[in-house]
Ligand code: SF4
């Protein structure tokens, strides 16, 4: 049996991949790519069968950010040609929820630029979220930056099930792309939302110039943080950002990075996030064998492919859009683990 299937067996039997094994995945050759993807699929199937979770993004506040994240078109140092606006009101947030449901997304991700929300912004958003929860069967994921403990508590009380705050890369590489906050600030916020009883979502941006070792360290950091959901972004080199000239990864390299993330975090929701169309290009469908979630429609300041193309891709691959769920996502993930306890290892 090929080494990648043996590695899948190890993970499916409850073992953990080592740093060297993770490096082996990232360093494997294009000739082995389909075997790596097929082995990662066995792990993905254990927890998520052939379901694909759809998430819909709302950029609730755009630009105007005092931070200097080099990958971001909304930072204070970016000159990107984007629309900038303060917090959207209730109607716009509700319209976004309607569109999310229309596109068969189960999670509505409300994102606001900035270091963190003011108390006024948070109170306004909490009211909007209450209306969304009253009217739609959607999981809410908020992404508002660095939080204070009382703000996390308010979001929990408002019905926010999930909070996203990406580690983005390794601790060592972080000062190479942001100087206005530290890696530890991000980790603190992830721990804060966990303490508030909110399901943590945290991911990465690959393709910023980090080493393979940085990619592996970020995957193991997310494992140690025990986050429930991991968005894997691939850099979109946006004109007007310091990273506008960064080289694209190859689509094969993107698949290896996704597979490494799956092997290190086998039971977690792994999403192909921003950059899917730009970096995976025509290999996007293969990514579904590894990841179990994608964003449908547009990203924060860049367009995604047409939702109909995403729906068609899922159908053409023989996958199925995951239907709306009830209950908190951690409970669902636990149910998934229980459900799959008896699944054969497929040897
Ligand atoms: S990633 Fe967030 S914190 Fe960083 S510049 Fe962009 S909006 Fe601001």
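Residues in segment 250-278 that are outside any helix (DSSP H, G or I) and within 24 Å of residue 109 (Cβ to Cβ): 11 in all. The residue of segment 229-264 that is farthest from residue 82 (Cα to Cα), among those that are in contact with a helix residue (DSSP H, G or I) (Cβ under 6 Å, 6 or more places away or on another chain) and surrounded by fewer than 21 Cβ atoms within 10 Å (Cβ to Cβ), is 252.
Quick one: would you say residue 281 is assigned to a helix (DSSP H, G or I) and free of Cβ contacts under 8 Å to residues at least 40 places away in the same chain?
Details: assigned to a helix (DSSP H, G or I): yes; free of Cβ contacts under 8 Å to residues at least 40 places away in the same chain: yes.
For residue 281, the condition - assigned to a helix (DSSP H, G or I) and free of Cβ contacts under 8 Å to residues at least 40 places away in the same chain - is met.
The residue of segment 45-76 that is surrounded by the most Cβ atoms within 10 Å (Cβ to Cβ), among those that are in a helix (DSSP H, G or I) and within 19 Å of the chain's Cα centre (by Cα), is 48. Here residue 124 fulfils each of the conditions (1) within 16 Å of residue 300 (Cα to Cα); (2) away from the ligand (no atom under 16 Å from the Cβ) apart from (1).
Since every read-out is calculated from the coordinates, none of them should be taken as a lab result. Computed from a predicted structure; not experimentally measured. Here the Cβ is made from the backbone with ideal geometry for all residues, glycine too, and neighbour counts use every protein chain on show.
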